[in-house]
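The numbers here are math on the coordinates, done by the rules we state, and not lab data. Every value quoted in this text rests on a predicted model; they were computed, and no experiment measured them. Here the Cβ is made from the backbone with ideal geometry for all residues, glycine too, and neighbour counts use every protein chain on show.
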Ligand SMILES: [Zn+2]
């Protein structure tokens, strides 16, 4: 089977272990929005018995490919298109829990009855870690002063995170710049909005930050956080739980709160121990 984008690679592999081979299409750190499918990607898609995609148009390249296997939009099963403001729905651990349930439902027909017990046991173990991840996230965010509970990001990617945890979202590139170009009037407007937002930091998605983001930082006088927020999927070499806890600690630490790294490490280990 093929897991195309978002955090489906980790969800599918953790859920299935040795029960099925999972090919992952969009590598961690890659941009799914402008992904171009390679020949080997197309081969994997045409050979697959099942294709899992995030949906919500996260990877527009998938709209232009013909696949004979069922294509299941797991992110859209977790939250409808009407309710999702952006495709990156996995930043809310509760929705990741629903994505795990939906993935289990989608893969079930490919497995024999004898394998169902192990699948359900792992599904429950994953759900338990995600429930604790949701509670841990809420606890870390409680340490952030209300005035700094604002997330200034590049593109709109954290709307489910923001709405779950009561954080204001200010995606500067989507709000003020179209096509990545920034007019002088937009630069002034962005900088004003950032100053007024109460944020202590601007969050880049990759480091070193883009020239545009550095200009915004210099005009607004608000620093770029030392660590990036991974918006588009798993961080390179990290599980979805490692990525999620890293994002929360990056946000909380930059905004004047405290992050419990020990509890984060425990969650990461619990996830990695699922067999
Ligand atoms: Zn994105």
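Rounded to the nearest 10 degrees, what's the angle between the helix 261-272 long axis and the longest principal axis of the chain, both from Cα atoms, 0 to 90? Here the helix axis deviates by roughly 20 degrees. The angle between the Cα long axis of helix 211-220 and the main principal axis of the chain comes to about 40°, on a 0 to 90 degree scale.
For residue 163 and residue 188, compute 0.36 nm times the residue count separating them, minus their Cα-Cα distance, and round to one decimal in nm.
Working: separation 25, 0.36 × 25 = 9.00 nm, distance 2.73 nm.
Extending this stretch completely gives an extra 6.3 nm.
Give the shape of segment 1-77 as rounded, prolate or oblate, defined through the alpha-carbon gyration tensor: a ≥ b ≥ c are the square roots of its eigenvalues, a/c under 1.5 means rounded, and otherwise the shape is prolate if a/b is larger than b/c and oblate if not. Verdict is rounded for segment 1-77.
Using bins of 5 Å that start at zero, the share of Cα-Cα pairs per bin across segment 141-272 amounts to 2, 11, 20, 24, 20, 13, 6, 3, 1, 0, in whole %. If R0 is 41 Å, the Cβ-Cβ spacing of residue 207 and residue 269 corresponds to a FRET efficiency of close to 0.95. To the nearest ten degrees, helix 184-197 and the longest principal axis of the Cα atoms of the chain are 80 degrees apart. Considering only alpha-carbon pairs that sit under 8 angstrom and 6 or more positions apart, the relative contact order computed for segment 2-140 is 24 percent.
Summarised as an ellipsoid, segment 77-194 has semi-axes of 37, 19, 9 Å, derived from the eigenvalues of the Cα gyration tensor scaled by 5 and square-rooted, with the largest first.
Projected area of segment 196-275, taken from the Cα convex hull and averaged over every viewing direction, in nm²? All intermediate terms of the calculation are to be shown ahead of the outcome.
Details: hull surface 24.3 nm².
Its average projected convex-hull area is 6.1 nm².
Using DSSP, restrict attention to beta bridges with both residues in the chain and report what percent are antiparallel, rounded to the nearest 5.
Values: 1 of 13 bridges.
Of the beta bridges lying entirely in the chain, close to 10 percent run antiparallel.
Based on every Cα atom in the chain, Rg and the maximum pairwise Cα distance Dmax equal 19.1, 64 Å.
With an 8 Å Cα cut-off and a minimum separation of 6 or more residues, compute the relative contact order for segment 117-275 in percent.
RCO, segment 117-275: 29 percent.
Tell me the volume per residue, in Å³, of the convex hull enclosing the alpha carbons of segment 135-210.
On the way: hull volume 7.5 nm³, N = 76.
Value for segment 135-210: 99 Å³ per residue.
Relative contact order, percent, of the chain when contacts are C-alpha pairs under 8 Å separated by at least 6 residues? Result for the chain is 19 percent. Compactness ratio for segment 2-140: Cα radius of gyration over 2.2 N^0.38 Å (N = residue count) comes to 1.04.
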